[in-house]
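Participant: I have a structure I would like to understand better, so I am pasting it below and will then ask my questions one at a time.
The values are calculated or read from the model by the stated rules, or taken from the named source; none is laboratory data. Computed from a predicted structure; not experimentally measured. Here Cβ is always computed from backbone atoms with ideal geometry, including for glycine, and neighbour counts include all displayed protein chains.
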Amino acid sequence: MARRDVAIVATAQRPNEVGSTLTSVELILPVINDVIAKVGIERQKIGFWCHGSCDYMSGQPFSFVAAVDAIGAWPPIVESHVEGDGALALYEAWVKIQTGECDVALVFSNGKTTSGPIDRILNLQADPYMVTPLWPGFDSLAALQARACLDAGVLSEADMAEVAARSYRDALNNPIAYAKENVTAEQLLARPYTTAPLRAHDCGVPVDGANAIILAAGDAARSLAERPAWIRGIDHRIDTQRLGARSMTESSSAAIAAAKAGVGDDRIDIAELHAPYTHQEILLRRAMNLGEGTHVNPSGGALVSNPAMAAGLARFAEAAESVFSGSADRVLAHCTSGPMLQQNLVCVMEGE
Amino acid sequence: MSEADGIMRLRQPISVTYNWSAGPNATSHLNGLLDGTLVGKRCPGCSLVYFPPRNGVCPKCARILGDDVVVGPRGTITTFCVVNVPFLGQKIKLPYVAAQILLDGADISMQHLIQECEASDVRIGMRVEPVWKDRSEWGPSLENIAHFRPTGEPDRDMGVEAGAS
């Protein structure tokens, strides 16, 4: 079956914040209305709605069902939910469009990351038999990975600080980024460890956020956007959940996903990598073979604002916006999920 | 840990503490319950009055709800269920009735308990009123209402005869 051409035609993100007193539904509703207003489409023309979020973050089973209230689900709609990042919901929506069942889909995600101890909550995404009962904390798991990389000489603490300094400086130009600072790697290296060998700047800042994206196929995409961000390749790969059976110093699933998505077929202008930890950005750049010509995370990335379950879809939004504006022609969007880069979704988009 | 059968077992209770927020749009509803007032919210789009105000949004219009509207306290039973089956943690004497109650002035029903009458007397259209717990037990919760009981007013015509035919 021939693959349908599918593009991102609009995005909306709310400013990232800490300690939001809104409910998840109140967080989502304005961004859904924003993204619909941007393309001026009638709700009934949206053939599929797909939501990414995590019930553990709200401490309520089936809390995602309430999110349907934010959609305006009358007359009845076709919708689905992914217990994970919104970028994984985008992948489901892309598949749905490939089946021919719809031409336009709306994807949204939300994360009230600061309403609970996210470092502990995310443990529930780990292997439930061997890892979760130990409650290692995601920062600690990432620290083990960083330590393995440092010991193997794959990267240095200075390399990690460079990633953070660039991200914090780039975030100065991003109005919705939460953490931003004109800072150098040397200054960051003088700061104390939080979870050695990680310092505060090595870990993404947990924030509350929500975002929404509209996907459309072929002519529908051309009618909704001046310069759609066409999805040329998209692939999702998963490393084993057995942490001891994985290489800590590389990301094989990211490498496979990038190859399958066609990352190496041509230059990449901008790569929005979902790296919640500095050393993970370095591992991802390496796995995807991204060189000097690629600007990584001009938005500041997940390091400066990490709304869990929305940070991956935010990368898709940022990458697509750079195609809309014409500032880039060929871009990469990436989402990770699970401990230590367990899952990796890679997408290549192009303008026409 | 049991080593009798050679299998290692680890018991690891888990707990996570959350800062739960009701959200600005449901706050007037919860504050109302603190002083015994039933506060719903009107959708600025379709004008329907929601009690309780869900998550502060109208699921039909996808709009943030608008004005506060005081509803009830009396209401009408729109449908009900007679509970005959005992279950773990049962607090109420069987049989009892769980009913959907449409408070006067509201457009969606809420579920509550019907007491102070025989379960067999409960019917669709029956008028009911809340019986509040002692004020010392009140919190920002619909549990401030112990149950609803019949008012003795004539039934409201809910159009069930037409619907059942």
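Participant: In segment A:4-23, which residue that is within 18 Å of the chain's Cα centre (by Cα) and within 19 Å of residue A:305 (Cα to Cα) is surrounded by the most Cβ atoms within 10 Å (Cβ to Cβ)?
Facilitator: First, the residues of segment A:4-23 that are within 18 Å of the chain's Cα centre (by Cα): A:7-17.
Within this subset, residues satisfying the condition of being within 19 Å of residue A:305 (Cα to Cα) are A:11-17.
Details: A:11: 24, A:12: 20, A:13: 25, A:14: 21, A:15: 13, A:16: 28, A:17: 17.
Only one residue fits best here, namely A:16.
Participant: Hey, does segment A:15-24 have a residue that's more than 8 Å from every other protein chain (Cβ to nearest Cβ) and under 18 Å from residue A:93 (Cβ atoms)?
Facilitator: Checked segment A:15-24: no residue is more than 8 Å from every other protein chain (Cβ to nearest Cβ) and under 18 Å from residue A:93 (Cβ atoms).
Participant: Looking at (1) surrounded by fewer than 23 Cβ atoms within 10 Å (Cβ to Cβ); (2) part of a strand (DSSP E or B), find the lone condition where residue A:240 falls short.
Facilitator: Result: residue A:240 fails condition (2) only.
Participant: Still on this model: Restricting to segment A:114-146, what's the tally of residues that are touching a residue at least 60 places away in the same chain (Cβ under 8 Å) and either more than 14 Å from chain B (Cβ to nearest Cβ) or among the hydrophobic types (A, V, I, L, M, F, W, C) (or both)?
Facilitator: Total meeting the criteria: 14.
Participant: Next question, about the same structure. Of the conditions (1) more than 27 Å from residue B:59 (Cα to Cα); (2) in contact with a strand residue (DSSP E or B) (Cβ under 6 Å, 6 or more places away or on another chain), residue B:75 fails just one. Which one is it?
Facilitator: Tallying (1) more than 27 Å from residue B:59 (Cα to Cα); (2) in contact with a strand residue (DSSP E or B) (Cβ under 6 Å, 6 or more places away or on another chain), residue B:75 fails exactly one: (1).
Participant: On to the next question. Tell me, yes or no, whether segment A:116-128 has at least one residue that is aliphatic (A, V, I, L, M) and in contact with a Cys (Cβ under 7 Å, 6 or more places away or on another chain). Working first, answer last.
Facilitator: Start the filter on segment A:116-128 by keeping residues that are aliphatic (A, V, I, L, M), which leaves A:118, A:121-122, A:124, A:126.
Right, trim to in contact with a Cys (Cβ under 7 Å, 6 or more places away or on another chain) and you get none.
No: segment A:116-128 contains no residue that is aliphatic (A, V, I, L, M) and in contact with a Cys (Cβ under 7 Å, 6 or more places away or on another chain).
Participant: Return only the number of the condition from (1) under 30 Å from residue B:15 (Cβ atoms); (2) within 14 Å of another protein chain (Cβ to nearest Cβ) that residue A:44 does not satisfy.
Facilitator: The one condition residue A:44 does not meet is (1).
Participant: In addition: In segment B:37-92, which residues are aromatic (Phe, Trp, Tyr) and within 14 Å of another protein chain (Cβ to nearest Cβ)?
Facilitator: If the condition is that a residue be aromatic (Phe, Trp, Tyr) and within 14 Å of another protein chain (Cβ to nearest Cβ), then B:50 is the only one that fits.
Participant: Within segment B:126-142, restricting attention to residues that are touching a strand residue (DSSP E or B) at 6+ places or on another chain (Cβ under 6 Å) and either part of a loop (DSSP other than H, G, I, E, B) or modelled with pLDDT under 95 (or both), which residue is surrounded by the most Cβ atoms within 10 Å (Cβ to Cβ)?
Facilitator: B:126
Participant: Ok, one more. Would you mind telling me which numbered condition in (1) within 23 Å of residue A:276 (Cβ to Cβ); (2) more than 18 Å from the chain's Cα centre (by Cα) residue A:62 fails?
Facilitator: Of (1) within 23 Å of residue A:276 (Cβ to Cβ); (2) more than 18 Å from the chain's Cα centre (by Cα), only one is false for residue A:62: (1).
Participant: I need the full set of residues from segment B:23-36 which are more than 7 Å from chain A (Cβ to nearest Cβ) and surrounded by 14 or more Cβ atoms within 10 Å (Cβ to Cβ), in order please.
Facilitator: Those that are more than 7 Å from chain A (Cβ to nearest Cβ) and surrounded by 14 or more Cβ atoms within 10 Å (Cβ to Cβ): B:26, B:27, B:28, B:29, B:30, B:31, B:32, B:33.
Quick grid of which residues meet (1) under 22 Å from residue A:66 (Cα atoms); (2) touching a strand residue (DSSP E or B) at 6+ places or on another chain (Cβ under 9 Å):
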{"residue": "B:12", "(1), (2)": "no, no"}
{"residue": "B:43", "(1), (2)": "yes, yes"}
{"residue": "B:58", "(1), (2)": "yes, yes"}
{"residue": "B:66", "(1), (2)": "yes, yes"}
{"residue": "B:70", "(1), (2)": "no, yes"}
{"residue": "B:81", "(1), (2)": "no, yes"}
{"residue": "B:89", "(1), (2)": "no, no"}
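Participant: A follow-up question, please. Would you check if residue A:69 is in contact with a Pro (Cβ under 7 Å, 6 or more places away or on another chain), charged (D, E, K, R) and either within 12 Å of another protein chain (Cβ to nearest Cβ) or more than 18 Å from residue A:85 (Cα to Cα) (or both)?
Facilitator: yes
Participant: Is there any pair linking a residue in segment A:55-69 that is at positive phi and surrounded by fewer than 19 Cβ atoms within 10 Å (Cβ to Cβ) to one that is in a loop (DSSP other than H, G, I, E, B) and at pLDDT below 90, with Cβ under 7 Å and at least six apart or on different chains, and which?
Facilitator: Every condition considered, the pairs that remain are A:59/B:16.
Participant: With touching a helix residue (DSSP H, G or I) at 6+ places or on another chain (Cβ under 7 Å) and of a type outside the set (Gly, Ala, Ser) as the only criterion, which of B:84, B:144 stands out?
Facilitator: Selected residue: B:144, the only one of B:84, B:144 that is touching a helix residue (DSSP H, G or I) at 6+ places or on another chain (Cβ under 7 Å) and of a type outside the set (Gly, Ala, Ser).
Participant: Can you list residue pairs whose Cβ atoms sit under 6 Å apart, with the first residue in segment B:9-21 being at the interface with chain A (Cβ under 7 Å from one of its Cβ atoms) and the second being part of a loop (DSSP other than H, G, I, E, B)? Count only pairs 6 or more apart in sequence or on different chains.
Facilitator: Here the result reads B:16/A:116; B:18/A:59; B:18/A:116; B:21/A:21, each pair linking segment B:9-21 to a residue that is part of a loop (DSSP other than H, G, I, E, B).
Participant: Return only the number of the condition from (1) within 24 Å of residue A:175 (Cβ to Cβ); (2) more than 11 Å from chain B (Cβ to nearest Cβ); (3) in contact (Cβ under 8 Å) with a residue 12 or more places away in the chain that residue A:30 does not satisfy.
Facilitator: So the condition that residue A:30 fails would be (2).
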